[in-house]
Amino acid sequence: QLNADPDVAYAEADTIMRPFSQQPNDPRFNELWSLQGGDGGLNLAPVWSAEAGKGVVVAVVDTGITAHSDLDDNVLPGYDFISNTMFANDGGGRDADASDPGDWVEKWGCRFNDSAQESSWHGTHVAGTIAARADNGVGIAGIAHQAKIVPVRTLGRCGGYSSDIADSITWASGGYVPGAPLNANPAQVINLSLGGGGS
């Protein structure tokens, strides 16, 4: 009706607009084929404007974490549950420092006929895959780049005991573990990228 009125130049509906999600400006984002929209990809960019892990706490039960500019803002205090000081590789047992000193091992350092291995920095890699910041012009973008990470160190050189892993899971979820303070940031999600032999 308004457009039919000779005194009105034009009229259009007053609709609600929302920002389109766009590819983040992280320089290595294109290397993350699993986040893209192609075969086998998650096609995450279209949903990041609505959900990117905001308000979610993810515990990474792994080798601990190293400082990284693409991740540091999304890291909460964690804990080191490695009870065997030889495995710990940091000179101590369980403590409130979830830093990863490296899980390198010299030849035959764990078992007979084992070869020497450099540090994997696996916990930092996993934490970055989950929650590396997006649109900061650094590195990659994590799957849930607004989530917070609680690093729980349970694997060191030679691996980690299942009893330490069980305590790590209990603590990460907010449960009580004798000798450890309660986790102030209980996780809604726990990532365990580990495995082993045995029945």
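The values are calculated or read from the model by the stated rules, or taken from the named source; none is laboratory data. The structure displayed is predicted, hence computed values, not measured ones. For neighbour counting, all protein chains shown are included, and Cβ atoms are generated from backbone atoms with ideal geometry for every residue, glycine included. Surface accessibility is based on the protein's heavy atoms, side chains included, excluding ligands, DNA and RNA. Shrake-Rupley method; radii C 1.70, N 1.55, O 1.52, S 1.80 Å.
Computed about its Cα centre, the charge dipole of segment 110-196 is approximately 80 debye, with only Lys, Arg, Asp and Glu carrying charge at their Cβ. Relative to the current alpha-carbon distance between Asp39 and Asp114, full extension at 0.36 nm per residue lengthens the span by 23.2 nm. Working note: Debye formula, equal point scatterers on the alpha-carbon atoms of segment 105-146, no solvent; log10 I(q)/I(0) at q = 0.18, 0.31, 0.33 Å⁻¹ is -0.58, -0.97, -1.02. For the chain, the longest principal axis of the alpha carbon atoms and the long axis of helix 122-131 meet at an angle near 20°. Take Val58: with every protein chain present and a 1.4 Å probe, its accessible area is about 10 Å².
Using only the Cα atoms of segment 136-199, construct the convex hull and provide its projected area averaged over every direction, in square nanometres to one decimal.
Values: hull surface 26.1 nm².
Directional mean of the projected Cα hull area for segment 136-199 stands at 6.5 nm².
When the solvent-accessible area of segment 2-156 is split by element, carbon and sulfur atoms take up 53 percent of it, the probe being 1.4 Å. With a Förster radius of 25 Å applied to the C-beta separation of Ser173 and Trp104, the computed FRET efficiency comes to 0.25. Counted over segment 33-192, the DSSP beta bridges are approximately 20% antiparallel. Put a plus charge on the Cβ of each Lys and Arg, a minus charge on the Cβ of each Asp and Glu, and nothing anywhere else: the dipole of segment 66-160 about its Cα centre is then about 260 debye. Axis of helix 162-172 versus longest Cα principal axis of the chain: the two differ by about 40°, to the nearest ten degrees.
Of Arg111, Arg133, Arg153, Arg28, the order by accessible heavy-atom surface (1.4 Å probe, DNA, RNA and ligands excluded), from most exposed downward, is Arg111, Arg28, Arg133, Arg153. A Stokes-Einstein calculation at 25 °C with viscosity 0.890 mPa s, built on the Kirkwood radius of segment 92-199 over Cα pairs, returns a diffusion coefficient of 157 µm²/s. Residues Val75, Val61, ordered by accessible area of protein heavy atoms at a 1.4 angstrom probe radius and largest first, appear as Val75, Val61. Taking all protein chains together and rolling a 1.4 Å probe, Ile65 ends up with roughly 20 Å² accessible. Here the dipole of the chain is about 620 debye; that uses its Cα centre as origin and unit charges on the Cβ of Lys and Arg (positive) and Asp and Glu (negative).
To the nearest 500 deg cm²/dmol, what mean residue ellipticity at 222 nm is calculated for the chain from DSSP H runs of n ≥ 4 alone, each contributing -39,500 (n - 2.57), summed and divided by the residues?
Numbers: 3 runs with 25 residues, N = 199.
Only helices count here, giving -3500 deg cm²/dmol.
Among the listed values [x] 9, 30, 32, 21, 7, 1, 0; [y] 9, 29, 27, 18, 7, 4, 3, 2, 1, 0; [z] 9, 37, 38, 14, 2, 0, the one matching P(r) over Cα pairs in 10 Å bins from 0, in percent as calculated from this structure is [y].
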